[in-house]
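Here's the structure we're looking at; comments come further down.
Laboratory data are not the source of any read-out in this text; all were calculated from the coordinates shown. Just so you know, these numbers come straight off a predicted model, no measurement behind them. FYI the Cβ positions are ideal-geometry reconstructions off the backbone, even for glycines, and counts take in every protein chain you see.
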Amino acid sequence: PGLGAFPLRIAISFHFVDYLIHAWDVARAIGAASDPDGELTATALKFASRWPDSQETRGPGAPFGPKVEVPAGAPPFDRLLGLLGRPPDWTAAPPRTA
């Protein structure tokens, strides 16, 4: 089941936030720096803060995990990560050695 139909501008905002967050995911997974632009982050936070907090949008099989609490006054990108179910301090596990 999908989330229904959306106007094009809303659909594009979903993809914009998705690209920004997945760039962070990849950077963290490979141990690279990730310092998203402040204006991009502010725009993504504005879009993502409007998304519903429901079973269809959060949890197993949904686009996002449950919200992760971040400290008051956290940087905007950390707030965005928490809003989308990612702990800002996440790092990839070190590779296993044989």
Between Arg50 and Ile12, the two model label points (7 Å from Cα along the beta-carbon direction) sit apart by a distance in nm of 1.3
Per the chain, sqrt(5λ) over the Cα gyration tensor eigenvalues, sorted largest first, in Å, gives 24, 17, 14
Taking R0 as 30 Å and r as the Cβ-Cβ distance between Leu40 and Ala5, the FRET efficiency 1/(1 + (r/R0)^6), rounded to the nearest 0.05, comes to 0.70
Packing-ranked peptide list from 68-74, 5-11, 82-88, 16-22, highest mean Cβ count within 10 angstrom first, is 82-88, 16-22, 68-74, 5-11
